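Asks: Questions regarding the structure given below will be posed in turn.
The values are calculated or read from the model by the stated rules, or taken from the named source; none is laboratory data. Model, not experiment: these values are computed from the prediction. Heads up, the Cβs are rebuilt from the backbone with ideal geometry, glycines too, and the neighbour counts pull from every protein chain shown.
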Amino acid sequence: MLADQASRILRLASQSIDPAGRTFRIFYAVEGDWAVIPQKPFLQYDVVRYESARRANNFTLPIGNATIVPGIQPGPNGRGLIQVLFPTVDEGKAVNFNYTYRTRSGTLKTIYGEEQQISSEARQTGGKSWAVGTSQETPKPYIFIELPSDAQVNNMETDFTLNQLRGVSFRAVTVWRDRSRWRQEAITTHLTRASGS
């Protein structure tokens, strides 16, 4: 890429590449043997159907997409767990989400502002160690949404809705040369509404 300092526009060095629909990762480097790499989750994720994600690109989720694994896993204290999968690049980032579920009395209730870190590590739930994604799928980073004790979700289409899924973390990785060896430092923080996220 070529950077136009005056207009602050990046231009592709090759005219044969069509940028439409492509995702670019930008690496900031400077003179003096140091560099800074910013890492941020997507601002607002689109939740795509699981079967569509499974058929497309050998279950490779595009950036900015997430998908809900069908079915409810048995969790601690008898509560159900709903698993949401993310693109591999979102490993270690944090998301904030709202969801609506059906209660045992038949009413719909909404939970606001839950937050979780996306991870690909297996987790202990309900006395079992769950693999990442599902046992048949390629490992993917994920979160578990633990349903409240009054939830009765029999049909994922009508009894549960993931209303909002937003990225809320920001990580900056700095790499520099210290004499004969390279050093690395990473700082993670959370974005707030005031920061324009």
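Asks: Can you tell which of Val95, Val84 is at pLDDT 85 or above and either of a type in the set (Ser, Thr, Tyr) or touching a Pro at 6+ places or on another chain (Cβ under 8 Å) (or both)?
Replies: Sole residue among the options that is at pLDDT 85 or above and either of a type in the set (Ser, Thr, Tyr) or touching a Pro at 6+ places or on another chain (Cβ under 8 Å) (or both): Val95.
Asks: Output the residue which, of all residues in the range 143-197 that are among the β-branched types (Val, Ile, Thr) and closer than 18 Å to Val89 by Cβ, is modelled with the highest pLDDT.
Replies: Step one: of the range 143-197, the residues among the β-branched types (Val, Ile, Thr) are 143, 145, 153, 158, 161, 168, 173-175, 187-189, 192.
Pick out the ones that are also closer than 18 Å to Val89 by Cβ and you get 143, 168, 173, 188.
Values: Ile143: 88, Val168: 93, Val173: 89, Thr188: 88.
Across the range 143-197, the extreme among qualifying residues is Val168.
Asks: Looking at the range 74-95, which of its residues are of a type outside the set (A, V, I, L, M), outside any helix (DSSP H, G or I) and touching a Leu at 6+ places or on another chain (Cβ under 9 Å)?
Replies: Correct list: Pro74, Gly75, Arg79, Gly80, Phe86, Pro87.
Asks: Only one of Ile37, Ile68, Ile26 is more than 30 Å from Thr100 (Cβ to Cβ), at pLDDT 85 or above and either aliphatic (A, V, I, L, M) or in contact with a Cys (Cβ under 6 Å, 6 or more places away or on another chain) (or both); which? Quick ask: steps written out before the conclusion?
Replies: Values: Ile68 fails: more than 30 Å from Thr100 (Cβ to Cβ); Ile26 fails: at pLDDT 85 or above.
Selected residue: Ile37, the only one of Ile37, Ile68, Ile26 that is more than 30 Å from Thr100 (Cβ to Cβ), at pLDDT 85 or above and either aliphatic (A, V, I, L, M) or in contact with a Cys (Cβ under 6 Å, 6 or more places away or on another chain) (or both).
Asks: Output yes when any residue across the range 104-113 is part of a strand (DSSP E or B) and buried (at least 20 other Cβ atoms within 10 Å of the Cβ), and no when none is.
Replies: Initially, the range 104-113 is screened for residues part of a strand (DSSP E or B), giving 108-113.
With buried (at least 20 other Cβ atoms within 10 Å of the Cβ) added as a condition, the list becomes none.
Looking for residues that are part of a strand (DSSP E or B) and buried (at least 20 other Cβ atoms within 10 Å of the Cβ), one finds none in the range 104-113, hence no.
Asks: Counting just the residues of the range 141-174 that are in a strand (DSSP E or B) and either more than 24 Å from the chain's Cα centre (by Cα) or of a type in the set (Ser, Thr, Tyr) (or both), which one comes out surrounded by the most Cβ atoms within 10 Å (Cβ to Cβ)? I'd like the intermediate steps shown before the answer.
Replies: If we filter the range 141-174 for residues that are in a strand (DSSP E or B), which is where we start, we get 142-146, 151, 160-167, 169-174.
With the extra rule that they be either more than 24 Å from the chain's Cα centre (by Cα) or of a type in the set (Ser, Thr, Tyr) (or both), the set shrinks to 142, 151, 161, 169, 174.
Working: Tyr142: 24, Ala151: 19, Thr161: 17, Ser169: 21, Thr174: 13.
If we take residues in the range 141-174 being in a strand (DSSP E or B) and either more than 24 Å from the chain's Cα centre (by Cα) or of a type in the set (Ser, Thr, Tyr) (or both), then Tyr142 is surrounded by the most Cβ atoms within 10 Å (Cβ to Cβ).
Asks: While we're here: Answer with yes or no whether Thr125 is of a type in the set (Ser, Thr, Tyr), buried (at least 16 other Cβ atoms within 10 Å of the Cβ), within 30 Å of Thr188 (Cα to Cα) and at pLDDT 85 or above.
Replies: Numbers: of a type in the set (Ser, Thr, Tyr): yes; buried (at least 16 other Cβ atoms within 10 Å of the Cβ): yes; within 30 Å of Thr188 (Cα to Cα): yes; at pLDDT 85 or above: no.
Judged against the criteria, Thr125 is not a match.
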